[in-house]
Amino acid sequence: MHNIVLFGPPGAGKGTQSQKLIAKYNLVHLSTGDLLRAQIAEGTELGLQAKKLMDEGLLVPDEVVIGMIGNALQRNTQAAGFIFDGFPRTVAQAESLDQLLAQHGTGVACMIALEVGEEELVTRLLERGKTSGRPDDQDETKIRRRVTVYNTETAQVAGYYAAQHKFHALNGIGEIDDIFQQICTLIDQHKAAQPEAPAEATQEVKA
Ligand code: B4P
C-alpha cells in the first residue's frame, strides 16, 4: 500500500488536489470532512453533534474521526493505498493512524503539506462559500477561527511526521495543475524508493 497524508490549513487545496491524485494513482480518498458531512446529510446523531462544532470552525473530537477512519480502512482492505485528506489534524490522531495502519501491515509513506498564507485562505474559502452551501465557508470570523485552530492544534502534526523523515512542504499558491505536478514528483520519488504492485482500479471511499 502507498499511503499519503495531504496536509495544510483550511482552503490550502487538499480536497482539490486529492481529486486529481486519486485519478492518477488509483488511491482511495479518505476525507474526514467529507465523511462528517455525509453523517450530517444522513441526519445521524454523530452528524448532528459534529455539525455544531464544524459550523463554528472547531475540531470534532479525536475519537469520532479516528473511529470513522478505522471503519473506512476496514471497508477498503483491498485498496492500493489511501490519500488522507484533512486527517490527522492532531498528534493523537496521527498516533492512532499509525496504529490502525500497522494493524493492516502498512504505514504512512509521506506527508505533503500545502503552504498558503491566511489572507489567501480567507479569500478562497469566502469564494467557495458563495456556492458550497457550507456554513463554515460563509463567515470570515469562522474562517479565521479555523485558521487559528489549524495553527494552534494541527500545525504541530507536521513535526510528528518530520521526526519520521516523512514531511515535505510545497508552496500551495499558484496554478492548480502546477501544484499537482509538484505533488506527483514527490509521490513518484517515494514510489520509486518503495515500489508497489500495480493498482487495479480507481476507487472512491465506500460509505
Ligand atoms: P475539511 O472538509 O477538511 O475542510 P477544508 O480544510 O476547509 O477543505 P480543503 O482544505 O480540502 O479545501 P480546498 O483547499 O481543497 O474540514 C471541515 C471541518 O470538518 C473542519 O473545520 C473540522 O470542523 C471538521 N474536521 C474535518 N476533519 C477533521 C479531523 N481530522 N479532526 C477534527 N475535525 C475535523 O479548497 C478550498 C478552495 O480553494 C476551493 O474553492 C478551491 O477551488 C480553491 N483552491 C484550491 N487550490 C487553489 C489554488 N491553487 N489556487 C486558487 N484556488 C484554489
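The values are calculated or read from the model by the stated rules, or taken from the named source; none is laboratory data. Everything numeric in this text was worked out from a predicted model, so none of it was measured. In this analysis, Cβ positions are derived from the backbone assuming ideal geometry, glycine residues included, and neighbour counts consider all displayed protein chains. With ligands, DNA and RNA removed, areas are computed over all heavy atoms of the protein, side chains included. Shrake-Rupley method; radii C 1.70, N 1.55, O 1.52, S 1.80 Å.
Residue-wise test of (1) in contact with a Leu (Cβ under 7 Å, 6 or more places away or on another chain); (2) of a type in the set (S, T, N, Q); (3) modelled with pLDDT under 95.
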| residue | (1), (2), (3) |
| --- | --- |
| Ala102 | no, no, no |
| Leu114 | yes, no, no |
| Gly117 | no, no, no |
| Val122 | no, no, no |
| Glu127 | no, no, no |
| Gly133 | no, no, yes |
| Asp136 | no, no, yes |
| Glu153 | yes, no, no |
| Ala158 | no, no, no |
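Scan the stretch 1-42 for residues that are in a helix (DSSP H, G or I), open to solvent by 20 Å² or more (accessible area, probe 1.4 Å) and aliphatic (A, V, I, L, M) and jot them down.
Ala23, Leu35, Ala38, Ile40, Ala41
Residues being of a type in the set (Gly, Ala, Ser), more than 7 Å from the ligand (Cβ to nearest atom) and modelled with pLDDT of 95 or more: count how many of those fall in the stretch 19-46.
3
Considering only residues that are open to solvent by 80 Å² or more (accessible area, probe 1.4 Å), among the aliphatic types (A, V, I, L, M) and at pLDDT 95 or above, which ones fall in the stretch 164-207?
Selection gives Ile173, Ile176.
With the structure loaded, tell me whether Lys14 is in contact with a strand residue (DSSP E or B) (Cβ under 8 Å, 6 or more places away or on another chain) and near the ligand (Cβ under 10 Å from one of its atoms) or whether it fails that test.
It is true that Lys14 is in contact with a strand residue (DSSP E or B) (Cβ under 8 Å, 6 or more places away or on another chain) and near the ligand (Cβ under 10 Å from one of its atoms).
Pull up the stretch 80-117, narrow it to residues that are open to solvent by less than 70 Å² (accessible area, probe 1.4 Å) and over 17 Å from the mean Cα position of the chain (by Cα), then point me to the one that is farthest from Tyr160 (Cα to Cα).
So the residue we want is Ala80.
For Leu121, state whether it is in contact with a strand residue (DSSP E or B) (Cβ under 9 Å, 6 or more places away or on another chain), open to solvent by less than 50 Å² (accessible area, probe 1.4 Å) and among the aliphatic types (A, V, I, L, M).
Against the criterion (in contact with a strand residue (DSSP E or B) (Cβ under 9 Å, 6 or more places away or on another chain), open to solvent by less than 50 Å² (accessible area, probe 1.4 Å) and among the aliphatic types (A, V, I, L, M)), Leu121 does not qualify.
Could you say whether any residue in the stretch 78-88 is touching a Phe, Trp or Tyr at 6+ places or on another chain (Cβ under 7 Å), near the ligand (Cβ under 8 Å from one of its atoms) and touching a residue at least 24 places away in the same chain (Cβ under 8 Å)?
No, because not a single residue in the stretch 78-88 is touching a Phe, Trp or Tyr at 6+ places or on another chain (Cβ under 7 Å), near the ligand (Cβ under 8 Å from one of its atoms) and touching a residue at least 24 places away in the same chain (Cβ under 8 Å).
Among (1) open to solvent by less than 10 Å² (accessible area, probe 1.4 Å); (2) among the β-branched types (Val, Ile, Thr); (3) modelled with pLDDT under 95, which single condition is Thr77 missing?
Every listed condition holds for Thr77 apart from (1).
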